[in-house]
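Asks: Following this message is one structure expressed as structure tokens.
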Amino acid sequence: MDLSTEYLGMHLPHPLVVGASPLSDELDGVRRLEDAGAAAIVLRSLFEEQITREQMAEHMNLDSHAESFAEATSYFPSPHAFALGPFQYLEHLRRCKDAVHVPVIASLNGATPGGWIEYARLMQQAGADAIELNLYRIATDPDTAGADIERQAIETVREVKRAVTIPVAVKVSPFYTAFAHVAREMDRAGADALVLFNRFYQPDIDAEALAATRTLLLSDSSELRLRLHWMAILSGRVRASLAVTGGVHRALDVVKATMAGAHVTQMVSALLLRGPGHLRNVLQELTLWMQEHEWASLVGMRGNMSLTRVPDADAYERANYMLMLQGWRD
Ligand SMILES: Cc1cc2nc3c(=O)[nH]c(=O)nc-3n(C[C@H](O)[C@H](O)[C@H](O)COP(=O)(O)O)c2cc1C
């Protein structure tokens, strides 16, 4: 049974990658993930806001923790909001690289081109095998057009690619008007992989306290569908490798993602809920499923349900919407 896959120019024994999360905040945790069989580990993100704050503090010769400075940059979260400061992040990355043999991918999280991208180079120097650039932006300004946001996102990809020689994956949100076009432009800008998709964390409203509340709900497998849909549309039409993040909990989720076109599947919620040992279970189930269904390799299965190869391509297009609504019976 050949579960091996290529991702970001790396040959991995199987497609189960641990996504960016607190699971890798401690060295012990990172070792446990490797022991449980993770093919690669993505560290949690270092944010544009953290780096910009640090760089401004240096520039103004101020202590970034000083209260007077905090006032001037009140739109930046306090440094205490983050698990690791920028320098600690690089140190943690170095230690992770020393502690495990599996590839360690650093995560850089921002929205616009700028000086913070310098950290991509520092991550490479600290030993990162690759960078996952997370472009998370909420377009709240009615004066900013979608095309401007897309241009900035693509320019950010170009700048990160210029800064490093290691591979760069780009983790994106699905909320672009024409996602297939944006994905292709990112591919052309040099993205070595596209990671579908960021989860959109909406606040709830506490009607008694009149407050917007922040609660992070972990995913379940139902979130996979959005990823399968777009993966199937992109598969075979971009040069970049493809990764799924969001809703991967069981072996069958990995099978579906691979059939849609994924080279790797990232897991976070499932491992937070069940512990790193769950990776081993999923791998065993995956092997069993493939044996039972007489698949010799994942490569043979990849993309066989993509838009360009599936017999019923309507499933991914407008026709599906009409047929689903018209076909509803109690
Ligand atoms: C507690 C927590 C922290 C996370 N931190 C990050 C992060 O720092 N950077 C990032 O790109 N994604 C982060 N994520 C998102 C995950 O990497 C992943 O994309 C998301 O949880 C969907 O995958 P899942 O369904 O397997 O959980 C975080 C998720 C959780 C639950």
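Asks: Which of the residues spanning the stretch 185-195 are out of contact with any strand residue (DSSP E or B) (no Cβ under 6 Å at 6 or more places or on another chain) and either at negative phi or crowded, with 19+ Cβ neighbours inside 10 Å (or both)?
Replies: 185, 187, 188, 189
Asks: To continue, here is another question. Got a sec? Which of 79, 86 is at pLDDT below 80, within 28 Å of the chain's Cα centre (by Cα) and within 16 Å of the ligand (Cβ to nearest atom)?
Replies: 79
Asks: Residues that are more than 15 Å from the ligand (Cβ to nearest atom) and within 21 Å of residue 296 (Cα to Cα): list the strands (runs of 3 or more DSSP E) wholly contained in the stretch 1-57 that include at least 2 such residues.
Replies: It comes to 5-7, 10-12.
Asks: For the stretch 124-141, indicate whether the set of residues that are surrounded by 24 or more Cβ atoms within 10 Å (Cβ to Cβ), in a loop (DSSP other than H, G, I, E, B) and either under 18 Å from the mean Cα position of the chain (by Cα) or not aromatic (Phe, Trp, Tyr) (or both) is non-empty.
Replies: Checked against the condition, which is being surrounded by 24 or more Cβ atoms within 10 Å (Cβ to Cβ), in a loop (DSSP other than H, G, I, E, B) and either under 18 Å from the mean Cα position of the chain (by Cα) or not aromatic (Phe, Trp, Tyr) (or both), the stretch 124-141 yields at least one hit.
Asks: Related question: Of the residues 215, 165, which is β-branched (Val, Ile, Thr), at pLDDT below 95 and more than 19 Å from the chain's Cα centre (by Cα)?
Replies: The unique qualifying residue is 215.
Asks: With respect to residue 283, is the statement that it is in a helix (DSSP H, G or I) and touching a residue at least 40 places away in the same chain (Cβ under 8 Å) true?
Replies: yes
Asks: Quick one: how many residues across the stretch 206-249 are within 25 Å of residue 44 (Cβ to Cβ) and of a type in the set (D, E, K, R)?
Replies: The qualifying residues number 4.
Asks: Which one is nearest to the ligand (Cβ to nearest atom), of the residues in the stretch 240-267 that are part of a loop (DSSP other than H, G, I, E, B) and touching a Pro at 6+ places or on another chain (Cβ under 9 Å)?
Replies: Taking the candidates together, the pick is 262.
Asks: Please find, within the stretch 89-107, the residue that is farthest from the ligand (Cβ to nearest atom) out of those that are out of contact with any Lys or Arg (no Cβ under 9 Å at 6 or more places or on another chain) and not in a helix (DSSP H, G or I).
Replies: Selected residue: 101.
Asks: Then there is this: Of everything in the stretch 19-33, what is small (Gly, Ala, Ser) and under 17 Å from the mean Cα position of the chain (by Cα)? Give them in sequence order.
Replies: Listed by number, the residues that qualify are 19, 20, 21, 24.
Asks: Among what's in the stretch 203-223 and is in a loop (DSSP other than H, G, I, E, B) and surrounded by 11 or more Cβ atoms within 10 Å (Cβ to Cβ), pick the residue that is farthest from the ligand (Cβ to nearest atom).
Replies: 220
Asks: When only residues in the stretch 187-202 that are under 26 Å from residue 255 (Cα atoms) and outside any loop (DSSP other than H, G, I, E, B) count, which is farthest from the ligand (Cβ to nearest atom)?
Replies: 187
Asks: Also, quick follow-up: Against the definition (part of a helix (DSSP H, G or I) and in contact (Cβ under 8 Å) with a residue 12 or more places away in the chain), how does residue 83 come out, yes or no?
Replies: It is false that residue 83 is part of a helix (DSSP H, G or I) and in contact (Cβ under 8 Å) with a residue 12 or more places away in the chain.
Asks: Looking only at the stretch 224-238, decide whether some residue is exposed (fewer than 11 other Cβ atoms within 10 Å of the Cβ) and either in a strand (DSSP E or B) or at negative phi (or both).
Replies: Looking through the stretch 224-238, none of the residues is exposed (fewer than 11 other Cβ atoms within 10 Å of the Cβ) and either in a strand (DSSP E or B) or at negative phi (or both).
The values are calculated or read from the model by the stated rules, or taken from the named source; none is laboratory data. Computed from a predicted structure; not experimentally measured. Here the Cβ is made from the backbone with ideal geometry for all residues, glycine too, and neighbour counts use every protein chain on show.
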